[in-house]
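This report refers to the structure that appears directly beneath it.
The values are calculated or read from the model by the stated rules, or taken from the named source; none is laboratory data. What you are looking at is a predicted structure, and each value in this text was computed from that prediction instead of being measured. All Cβ positions, glycine included, derive from the backbone under ideal geometry; neighbour counts span all protein chains shown. Remember, those area values only see protein heavy atoms, side chains included, never the ligands or the DNA or RNA. Shrake-Rupley method; radii C 1.70, N 1.55, O 1.52, S 1.80 Å.
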Amino acid sequence: MINIAILGFGTVGSGVYEIVRQNGENLKKKINNDIDIKYILDIRDFSSHPESKLFVKDFDIIANDPEVDIVVEVIGGLSPAYDFTKAALAAGKHVVTSNKELVATHGTELFELAEKNGVNYMFEASVGGGIPLIRPLMQCLAANNITEIYGILNGTTNYILTQMIKKNKSFEDALSDAQAMGYAERNPAADIEGHDACRKICILASLAFGRHIDCDNIYTEGITKISLDDVKYADALGCVIKLIGYACTYGKDKVFARVSPMLVPVSSPLAGVDDVFNAILVNGNFVGEVMFYGRGAGKLPTASAVMADVIDIAKDVSVQKRMTWKKAETDIALDINDSESVMFVRIKADDIESAKKKVITAIPGAEFVCANLLDGEIAFLTPKQTEKSLNNALATLDGVVSVIRVKQD
Ligand code: HSE
């Protein structure tokens with residue numbers, strides 16, 4: 001018998017419970033063993049739940065029970081998840097998580113602790129919701145050197161942008177819908193300010209490139225400044241606006257990573273990824289480009305990914321999987337200022353011709369686009385340059401309304 005304990009009975013935790021209860025017989029066949037939920041830890045009152053006897057409020061009951069094999073940490077956030085995870089690993093229990101903040105922040109330490117105690121710390125559900133991604137990256141693409149990994153990594157913001165683009169909905173209304181559907185983080189600022197996508201690209205880049213990439217060193221911009229006017233310009237340019245997490249190797253031993261909204265041409269496979277769906281493209285030196293696509297958030301897709309790890313461990317609890325990365329000795333992230341971009345820029349201007357002259361003086365090679373789309377402003381695309389030089393040039397211009405990076409092929 002494999003016993004699991006679920007920490008946190010929120011969106012994902014209740015999804016895990018549902019899968020075990022609905023699909024128990026099938027799971028049993030897959031792992032060739034019985035599997036059951038022994039405890040559910042939650043500080044809230046579940047005395048009227050049909051299985052109220054499973055609920056506990058004291059984590060030590062779980063940590064001290066030798067019959068618990070796998071702890072499923074789906075509380076989210078750093079505290080108390082970090083302490084509970086350390087205690088569970090130290091007690092020799094495998095831990096499975098959907099908690100990207102914890103993996104991105106303390107992953108290296110938790111992998112080491114798991115290894116020391118002969119157990120696994122697994123996190124398939126931390127990136128891409130229900131999309132199988134971590135395991136394919138580490139196993140199916142293992143022959144490759146991964147050079148680039150990028151895509152749409154946050155379901156909430158993709159849902160919001162899709163509603164703005166396709167239904168002309170306001171940002172606020174679309175965010176409320178995403179929260180009601182259980183896509184958003186407890187604090188949706190993590191979604192709309194790009195931090196959730198940043199944690200996910202750091203996890204993917206750390207795995208793909210083998211060394212820890214610190215979120216604090218990664219330029220992160222969310223979608224809060226994107227307006228329906230920006231959406232209109234994007235449409236006129238044959239693009240859509242998407243929040244893109246991007247990471248690539250740079251030179252011999254650096255990594256570049258960034259999260260920001262981008263104008264994505266409609267011909268790109270990412271342009272048609274709508275609503276809560278995520279899509280991640282991976283470039284390997286032998287396989288070329290591979291795309292992963294599916295539901296990036298939500299109760300059952302995320303619980304499905306959690307259960308994939310549970311099943312993997314339950315098949316043989318004595319095996320260590322080693323889907324991990326190592327500490328980086330130095331800061332390996334390239335500074336955003338040294339990266340190169342093409343930017344789309346909108347400027348408010350009373351005198352259009354004089355504003356254009358100023359733009360050409362500041363940014364030689366700027367290409368004016370979408371003339372007369374909106375009264376009293378001009379829009380242009382910059383040539384590809386380092387962000388440092390573009391930002392210096394833009395700082396000399398008055399009336400800048402929007403600056404959005406443009407996805408290049
Ligand atoms: N808030 C996250 C998202 C949940 O919207 O993608 C899944 O990680």
Taking region 278-290 and keeping residues surrounded by fewer than 21 Cβ atoms within 10 Å (Cβ to Cβ) and either within 12 Å of the ligand (Cβ to nearest atom) or closer than 19 Å to Val240 by Cβ (or both) leaves Leu281
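Can you tell me which residue is least open to solvent (accessible area, probe 1.4 Å) among those in region 80-123 that are closer than 22 Å to Asn187 by Cα and charged (D, E, K, R)?
Initial filter on region 80-123 (closer than 22 Å to Asn187 by Cα): 80-85, 97-107, 123.
Then keep just the ones that are charged (D, E, K, R); that gives 83, 100-101.
Details: Asp83: 91, Lys100: 32, Glu101: 49 Å².
Restricting to residues being closer than 22 Å to Asn187 by Cα and charged (D, E, K, R), the top hit is Lys100.
Of all residues in region 184-210, how many are part of a loop (DSSP other than H, G, I, E, B), open to solvent by less than 40 Å² (accessible area, probe 1.4 Å) and either over 30 Å from Asn144 (Cβ atoms) or more than 12 Å from the ligand (Cβ to nearest atom) (or both)? Lay out the reasoning, then the answer.
Taking region 184-210 first, the residues part of a loop (DSSP other than H, G, I, E, B) are 184-188, 193-194, 210.
Checking the rest, the ones that are also open to solvent by less than 40 Å² (accessible area, probe 1.4 Å) come to 184, 188, 194, 210.
Filter once more, so that each one left must be either over 30 Å from Asn144 (Cβ atoms) or more than 12 Å from the ligand (Cβ to nearest atom) (or both): 184, 188, 210.
Residues in region 184-210 being part of a loop (DSSP other than H, G, I, E, B), open to solvent by less than 40 Å² (accessible area, probe 1.4 Å) and either over 30 Å from Asn144 (Cβ atoms) or more than 12 Å from the ligand (Cβ to nearest atom) (or both): 3 in total.
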Is region 291-305 home to any residue that is modelled with pLDDT of 95 or more and away from the ligand (no atom under 16 Å from the Cβ)?
-> yes
Odd one out for Asp331, checked against (1) touching a helix residue (DSSP H, G or I) at 6+ places or on another chain (Cβ under 8 Å); (2) open to solvent by less than 50 Å² (accessible area, probe 1.4 Å); (3) modelled with pLDDT under 95 = (2)
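Quick check: anything in region 160-182 within 19 Å of Ala247 (Cβ to Cβ), open to solvent by less than 20 Å² (accessible area, probe 1.4 Å) and in contact with a strand residue (DSSP E or B) (Cβ under 9 Å, 6 or more places away or on another chain)? Working first, answer last.
Taking region 160-182 first, the residues within 19 Å of Ala247 (Cβ to Cβ) are none.
So far as region 160-182 goes, no, none of its residues is within 19 Å of Ala247 (Cβ to Cβ), open to solvent by less than 20 Å² (accessible area, probe 1.4 Å) and in contact with a strand residue (DSSP E or B) (Cβ under 9 Å, 6 or more places away or on another chain).
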Considering every residue within region 311-327, establish whether at least one is open to solvent by less than 60 Å² (accessible area, probe 1.4 Å), modelled with pLDDT under 95, out of contact with any His (no Cβ under 8 Å at 6 or more places or on another chain) and among the basic types (Lys, Arg).
-> yes
Can you name every residue in region 53-79 that is open to solvent by 50 Å² or more (accessible area, probe 1.4 Å) and more than 21 Å from Ala305 (Cα to Cα)?
-> Lys53, Lys57, Asp58, Asp60, Ile61, Asn64, Pro66, Glu67, Ser79
Give me the pairs, please: first residue somewhere in region 299-311 and in contact (Cβ under 8 Å) with a residue 24 or more places away in the chain and hydroxyl-bearing (Ser, Thr, Tyr), second residue anywhere and in a helix (DSSP H, G or I) and more than 10 Å from the ligand (Cβ to nearest atom), beta-carbon distance under 6 Å, and either six or more positions apart or on two chains.
-> none
